[in-house]
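Take a look at the structure below.
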Amino acid sequence: MLYLVERKKIVIVGIPGVGKTSLVTRIVELINAQKHCASVHSYGTVMMDEAANNQVSDRDNLRHLPVSQQKELQKQAAKKIAELTDDVVFVDTHAFISTDEGFYPGLPYHVIQILEPTHLIAISARPEEIYNRRMKDDSRNRDKISIEAIKKELAVQDAMLASCSVLSGSPLKVILNNEGKIEEAAQNVIDAIGVGV
């Protein structure tokens, strides 16, 4: 049985190819099976909804907007997500965005202040697994990448999320989502956020 003492707002990040979206979907299924209300909200999708007025037609093109526009869209999306009242809210996002100007934080201080996360979870996998998953995924407009570049992305993600933990006072946990081990990874996340299933 699932016991909740307080509402949870979990920011869960992962670079493309770690299997984050599939993993979060499974976690929400497990929590909801215990008769509690858990939901997942893709930060990029919420931003895209806000960007529709700016004639941005492809979510993958958001990162090509000027950083000033991205910053405003982030604030608007954070406010929408902060209003949610489910028992457990997962915010599916990225620790950084690779923009034309360089790596821009996916969770800058002004977003953390609005969201007020209770937990920060980084989903990771071996660089070779990430590379193979990306090569198989034709559903998104992804940049071509090398294993060395993936290692750099993982290092940037760790640095960005560690900073978020310091700024928010929220615990940070890195969870490996190895190929074929989604149930194990899901249980590790559930344990880390203090939601016993």
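The values are calculated or read from the model by the stated rules, or taken from the named source; none is laboratory data. Keep in mind the model is a prediction, meaning the values are calculated, not measured. All Cβ positions, glycine included, derive from the backbone under ideal geometry; neighbour counts span all protein chains shown. For the accessible areas, the whole protein counts, side chains as well, though only heavy atoms, and no ligand, DNA or RNA atoms are used. Shrake-Rupley method; radii C 1.70, N 1.55, O 1.52, S 1.80 Å.
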### Query
So which aspartates and glutamates can LYS8 reach, going by Cα to Cα under 18 Å and dropping same-chain residues fewer than 8 places off?
GLU29, GLU83, ASP86, ASP87, ASP92, GLU116, ASP191
#### Entry: Flagged links, alpha-carbon separation over 21 Å, of LYS9/LYS35; LYS71/LYS152; LYS75/LYS152
LYS71/LYS152; LYS75/LYS152
### Query
For the chain, which whole percent of the accessible surface, found with a 1.4 angstrom probe, sits on carbon and sulfur atoms?
50 percent
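How do 161-170, 79-88 rank on mean C-beta neighbours within 10 Å, highest first?
Working: 161-170: 17.0, 79-88: 15.2.
My ranking of the peptides, most packed first, is 161-170, 79-88.
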### Task
Please list the non-local residues whose amide H lies under 5 Å from the amide H of PHE96, H modeled 1.01 Å from N, same-chain partners needing a gap of 5 or more.
GLY106
### Task
Have a look at the DSSP beta bridges in the chain and tell me what percent are antiparallel, nearest 5.
15 percent
### Message
If I take every Cα pair under 8 Å that is 6 or more residues apart in segment 68-197, average their sequence separation and divide by the length, what percent do I get for the relative contact order?
### Response
27 percent
#### Entry: Förster-model FRET efficiency, 45 Å R0, GLU116 and LYS136, C-beta, rounded to 0.05
0.80
## Note on the structure
FRET efficiency for LYS35 and VAL174 from the Cβ-Cβ distance with R0 = 30 Å, rounded to 0.05, comes out at 0.50
### Query
Hey, which of these cross-link pairs are over 25 Å Cα-Cα: LYS151/LYS173; LYS80/LYS144; LYS20/LYS136?
LYS80/LYS144
### Query
Can you give the calculated 222 nm mean residue ellipticity of the chain, where each DSSP H run of n ≥ 4 adds -39,500 (n - 2.57) and the sum is split over every residue, rounded to the nearest 500 deg cm²/dmol?
-14000 deg cm²/dmol
### Query
Given a Förster radius of 25 Å and the C-beta distance between GLN69 and VAL156 as r, what FRET efficiency does 1/(1 + (r/R0)^6) yield to the nearest 0.05?
0.70
### Query
Per residue, what accessible area does segment 1-152 have, given a 1.4 Å probe and all protein chains present, in Å²?
51 Å²
### Message
Taking only the Cα atoms of the chain, how large is their convex hull per residue, in Å³?
### Response
113 Å³
### Task
Kyte-Doolittle cut-off 0.5, length cut-off 20 Å along the helix's own axis using Cα: show which whole DSSP H helices in the chain pass.
147-168
